[in-house]
Each structure stands twice: as C-alpha cells, then as structure tokens.
1. What number in nm² do you get for segment A:97-224 if you take the convex hull of its Cα atoms and divide its surface by four?
2. Using Cα-Cα distances under 8 Å and only pairs 6 or more residues apart, what relative contact order does segment A:23-140 have, in percent?
3. Please list 3J(HN,Hα) in residue order for segment B:248-259, calculated via the Karplus relation 6.51 cos²θ - 1.76 cosθ + 1.60 where θ = phi - 60°; whole Hz, with x for glycine and proline.
4. If the rule is a partner Cβ under 4.7 Å, which cysteines in the protein assembly as shown fail it?
5. What percent of all Cα-Cα pairs in chain A falls into each 20 Å bin, going from 0 up to the bin containing the maximum distance?
6. How much length is gained if the chain between residue A:113 and residue A:170 is pulled fully straight, taking 0.36 nm per residue apart and subtracting their Cα-Cα distance, in nm to one decimal?
7. Once fully extended, how much extra length lies between residue A:77 and residue A:136, figured as 0.36 nm per residue of separation less the alpha-carbon to alpha-carbon distance?
8. Percent antiparallel among DSSP beta bridges with both residues in the protein assembly as shown, to the nearest 5?
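Read-outs: derived from the displayed coordinates by stated rules, not from any lab. On a predicted model such as this, the values are computed, not experimentally measured, just so you know. Heads up, the Cβs are rebuilt from the backbone with ideal geometry, glycines too, and the neighbour counts pull from every protein chain shown.
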Amino acid sequence: MFRFLLGRLGLLIPTFLGVTLVAFSFIRLLPGDPLELLAGERGIAPERKAELMRQMGLDLPWWEQYLVYLGKIFQGDLGTSFSSKKPVLDEFLQLFPATVELAVCAILIAVAIGIPLGILAAVKRGSFIDQTVMGTALIGYSMPIFWWGLLLIILFSGILQWTPVSGRISLMYFFPQVTGFMLIDSLLSGEKGAFLSAVRHLILPSIVLATIPLAVIARQTRSAMLEVLGEDYVRTARAKGLPPHRIIGLHALRNALIPVITTIGLQVGVLLAGAILTETIFSWPGIGKWLVDSISRRDYFVVQGGLLLIAGIIMLVNLIVDILYGLVNPRIRHN
Amino acid sequence: MIIRTTLKAALLGASLIAIAATGAQAKTLVYCSEGSPEGFDAALYTSGTTFDASSKAIYNRLVEFKPGTTEVIPGLAESWTVSDDGLEYTFNLRKGVKFHKTDYFTPSRDFNADDVIFSFERQGKKDHSWNAYTEGASWEYFDGMSLPTLIKEIVKVDDNTVKFVLTRQEAPMLANLAMDFASIVSAEYADQLDKAGTKANLNQQPVGTGPFSFVGYQKDAVIRYAANQDYWGGKQPVDNLVFAITPDAAVRLQKLKAGECHVMPYPAPADIAAIKTDPNLQIMEQQGLNVGYLAYNSTQAPFDNPKVRKALNMAINKDAILYAVFQGSGQAATNPIPPTMWSYNTQIKDDAYDPEASKKMLEEAGVKDLSMKVWAMPVQRPYNPNARRMAELIQADFEKVGVKVEIVSYEWGEYLKRSSAKDRDGAVLLGWTGDNGDPDNFLAVLLGCDAVGGSNRAQWCNDEFEALVQKAKVVTDKAERTKLYEQAQVVFKDQAPWATIAHSVVFMPMSKKVSGYVMNPLGGHSFEGVDIAE
C-alpha cells in the first residue's frame, strides 16, 4: 500500500508539471492581450504598453517567462492578479470554500438520490419505473444549466417565494468569516436564524449543480447493478434463499459500487466546471466565476494559478478514489 | 494577517450595523450591483463597476459633476480661479472636511492641501514612493487624459489653497478633475500604512471624505458601507448601504422583485416592458452619454471620397437597427456627440435613409461592384448591444445598393488593436462612452489628428475640423467653445468619416420605496441623498 501510494505520488509530479505548461500556454495562445483589453476603446500608447509589459515581465521570451513562473510556484508564489492587484493564492483561498461548500452539497444530493434511483431502475429493469427513472436521468443530463437555474429561481423564489433568489446568506447577517464555509460560520456566529438562512440559500444552487452528476450516477449505478445481478455469485445467493434486500444490499451493491465510485470521482471535475454557470446564476462567490472572468480579461496569473490549483485538487481526489477502491473491494487491494 | 484584518473589518461592520440596527429606524439600502470592484483605489482602474463601489460612494473630488448633469460644481474645493493665460488653476479648499473614522484609521486632522497634492503626485511622479505601491499599479486615466504632460506642478499655496500649473491651455481641465481618478485620498492614512508596511491596504481598506465609509467587502459577494456621520455634504437618509453583487441581469430582476434589493442597474432590454407594468417597481431612464458608430477608413479608396461615405450612410436603415438591435432602448445618432452633451448641434439634419439616392451617388462617384468588410465587435457594449446583428442589418442594407459586405470579427483585445491600424480595411463598428461630459472627450479623442492610428478609427484628419477642435481646447469661455464645437459638427456631418448609428438609453429599475435617486448621464451610480421608505 505504501509503495503504491509512493508510486502514485511520483506520477503526480510530471502530471503537475504538465498542467503548469498547459495552463501557461493555454492562456497565452488565446488572441488578445490583457493590456489592450484593460485599455478598452481608449487604446494604449505603444510606449506605455511596452513599459507595462516590462513591469509585468511579459516582455521576456515565453520559455523564460515559464521558467520564472515555475520557479515562483515552487516558492509558493502564484503571481498577482492584473486586475485586483492581489496575490492569486489569497484570492483563491478566499473564494474556494464557497465552491467546495456548494460542490459537497451537490455531490451529496447526487449520491443520495442517484444511487437509490439507479438500484431501483436496475431491480425493476424494463418496468415503467425503470423507464421513468432513465428518461428523467437523460433529461437531467442534457439540461442546460443556465436555463434550469433561472427556471427554478423564477418558480421557487419568484412565484412561490420559498427560497431566496441568490447569494450565500441573508444580508441581515454579517459576521466574521472564520472558515469561509457559510454553514459552519453561521453556526459559529451564534446569530439566531443565520444557519437556517445559509441552508435556504444553498438549496437551489445545490440542486442545479447536482442535476448532471445525479443523472450520471443514476445511469452508472443502474448499468453496474445490472451487470452484477447477472453474475454467478448473485445467482448462488438467490439459490441459497437469501432475501432480495440482502442480495442487493450486500452482494450486488458492494461490487457495483466500484465503477460508481470512479464516476463520482470524475464528477468532481464536472462539478467545478458546472460551478461556473451555477455560481454566475446564483451570485455565488466561488472560483468558477472568478476563473471565467479572468480568462475574458486575460488575467494570466489568475488563470494559470487557478487552473493549477483546481488540477491539483482533481488529482488529489482521483488519488483518494484509487485508495477507496481497495477499501471497497479487497480483490483490487494494492500490493 | 489577512484573516485578522478581514476579521477586524467584519467585526467593525457587525458593530456598526448593530449600532444602526438598534436605532429606531435603521435604514439599509441594497443595490444589486452587476459585478465586483477590482479594488477601492479608483485611480488605478477604468471600469464603472469599480468606480461605483469606490469613488462614488467613498470619495470626493475637488470639483464634482452636479447630480444628473455634466456641469462642474464645487466639491472639496469651495471655489477656484483660472489665470488669464489659462495655465494656472487655484483651488480654495473647503474647511472642516473630515476623513472617515474607521476601525483601521482615525484621522487626526481635517482634509487639507497635502491630501490633494498626495492624491495627484502619486499618479504623476514616477519617483513618488506611492507610484508603484501595489504590484502592477498603473494610473490608467491619469495617463489616458494626458495629465503627466499637462500638469507642470501642483503647488501648496497654504493649507487650504492649491494651485495646479499647466504646461498648456486645456479647457476640459476642470471636467477632468471631476472624474473618478481624481478622487482625493488621505495623505495621513497613506503615511500610517507606509509606517505599518501595509501600503497595499490603500486599495483594500479605503478612507475617503465621501457620503459613505467602507465597512467590509466579501469578494464577489457583498460590499458594506455605513453612512458617514460627519459628511460635509450633510447626513445621508439611509444608515447603511449594501452592494449585493449579482452578475446576471435576470437574477438581479428577480432579487428586485423579491425585495432582496432595492435598486439594480442594466436590466435586460426584453424585461423593460414587464418592469414598467410591475406595481411595486419604478423605472428611470436617461439617454446614455455615448455613441455607436461605423467608421470608414478615410485614407483608403473608395472611402477616401466623402461622397462615397455619405452615400453609404444613406443606405443604412437606422430605424430597423433601433428596432432589432436596441429593442427600443436607443435613439438614432446624427452627430458624433450625444444630444445630452452641451454644444450638441440641433440644426444638423441626419442623412435620410434613401437607398435609391445612395445608389445614384455611388454611381456618380464611380463606385462599381464594391466589396468591403464590416467589422463586428465580439462583445456587448452600452452603445451597441449586438454588433453582429447590427453588421448583418448593414450588410443587407449595403447589398441593396450593390455593395457586397463581408462581416469580420476578432477577439475583443485583438479587435481593438487591429481596428486602430492605419491600413485597416473596410469599416469598423465601435463606439464610445463619455468620461467627463466635455465635447473634447468625443471630438478630439475620436476624430482628432493626434488620434489617427489610435482611437480615431476613421483615420480621419481634417484640417478645418482639427483647427476648430484645437481652438476649443484652449478657449475657456463656454459660449465660444460651444460655437466652435457646433461648427466642428457641421464639418463632421459634411465629411461623414463615420455613419453615426445610435445613442443608447440607459434604464434603472428600482423599488417604489426608493426616492431621491438621480441618474448620472456619465453612467455611474451614486447613492448620495437616496432614501428608502419603511
């Protein structure tokens, strides 16, 4: 196990370097430069532009810029945002908890609903229930997030007034951000009603963000379950006269979960991508919107740093998923 | 450190709001703003969103724009005199003006000449210790308005008198000083930050003299302000001001309807009719101080012939554009400056839409089988909500008079750069939003000879026009300047370097509970004097 971990960590280093190179080149390959964009219609005098380029280190050859950048990364310096003039890491750390909070809630919803639905569809294969679940999953999977989010806002916040329109907590509450996670901070604040307000603000964005992963998990669970239910050992269990819930819950599900866990791991990337739209619709101050704005502003260091941090997190999640395999299924314990 | 300071700011905010809330009628005005400020030191930035959150709420300037107009009125300067040669502007500063007292700064003195000198010299002097106080600091507007070469020196005559000495006459100088970048920051606060080694906080925890003091900012989410109790302009009707950052227009409207905010900017054009019929909402509207245009390259054949340009202008059906692109929130443009700007020449008639006459004029000019490019911007701007659609309509119009059009577009930064090139082909869709309400800010910036190869996209340099605009720059008498600009507009219309397309109308929906809001023709959003009913 230790050697396996070491090997995996060793693999992470070239991957990480690859990501730095991709992030670095990607934003520079896009046409247009930050200074022209910053100047807008007014334009910028060539000499002034040259001076600013020099100040920002953008006048160096690209490979030299990359080496300087790489050197700084290893010192923990991800650069400074052109627009806010603040260190990229500070901005990321300020915004990331909001994204995590939303993503965790979304994945919990997706798992809690997706897996049971998938099992149900598999067990009742070919029935009306199966067809309804799979049909709904297909709709969920193809749902345009922006439209879906707005629809829910208009229905639940506008017409029914059950949930707030957007934001993380009612503006009435104003307390120190200790952890950056609103659910925790609202509890720590001790202010009456704050936690409930934070929960109410989380409902719609979580549902919207959970929609696609939920559909994917439900479909994946169904097909994995179907495969497992046809296996000999399940037939044996049936022949032994075990009650169906034990066969499904103990024998089938445990084996079917392996590909499902992989899917859930992969959904982390989807969640971060989906966060871009969800965060924009719900005015959720997370990293998704921050990154998109930075791309359109060609804020090089924010895009590079943000992509790097996100890639790092996804790599870490995948590592954890790999370890989880072993725990779920002893057959693939890592020796 | 960051966490600690944020915590402190937040705690202060909590206590301020708590104090306000314990009062019998604590009023909080919530503004659903469209985006996040880049920082709070307005001089470093150019975006209106940043100005709303910084200079409009927190700061004052020596002179201000009278609310709802572009007229310059006293601000932190009670009065001023201009020397006969127009090179010296002497400002008499207002006495007893207090900077904000916050958790992170307690002023020991009133506003004085040192603050004025500090506010400008940090922008203009390369060797000033605050010139590069934060990484990548650049003074976009100060440089953009050519102030480094215009201001020779700023002299402290005494504590309450400051003299700006210029290198040349510049009539728009006063209007420049009313712009956001000219906000006055506290020199004493800067000293405190310098000693503490936290200079960057000038951009994160601002201190000004304006109607609201800064309480806290949670990135991309909420900005909080408290009314400045010692404000020289009088007490504010509300106790707290909150900016709830809401980037999506449809969501802003839902929040407004649900009562989660009281005022919102930039509604989607499609929603305006519904807002007007909502019993709980009111909507204010004003013509924007902007112009959207199609600039021919006047140095290249056949567009070097004014007759050809004029003929093409007559082929454009502006009514169709106003209907399809602006959806009613626009007004056809006749002159290169908007009608709300002083010196707008009302005598000038627009070239009538007449495809037949256009065709004939093109024939007379010897233009046959013309193929040209029309450049469509890739972004939405106030003066052009949908350039692609506009280009398609122009394409169809031009086809009717026998001119083939190829629509081209580039990424925005690239578009701006390429469209400036002197040898650029075809005609470019672009526009401009005024900075300071002075006609010079349109006519010289967009059509002056110095701007060829830059912001003069028509690459048009006309001696007569240039002489008029240059003369108007050095004359200080407004009536005389008005005449000169009126004449310049006549030359412009006759020579037709652009097809003037439209000026947009800006809408501002708000709750019916809100009173005292005045729309700013320059496009900013200020909540000074705004009240909200219980």
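1. 8.8
2. Working: 37 pairs, mean separation 9.9, N = 118.
Across segment A:23-140, relative contact order equals 8 percent.
3. Residue by residue, segment B:248-259 yields 8, 5, 5, 5, 4, 5, 4, 5, 5, 5, 7, x Hz.
4. A:105
5. Calculated P(r), rounded to whole percents: 25, 50, 23, 2, 0.
6. 17.7 nm
7. Details: separation 59, 0.36 × 59 = 21.24 nm, distance 4.62 nm.
Result: 16.6 nm gained on full extension.
8. On the way: 56 of 69 bridges.
Antiparallel bridges: around 80 percent, rounded to the nearest 5.
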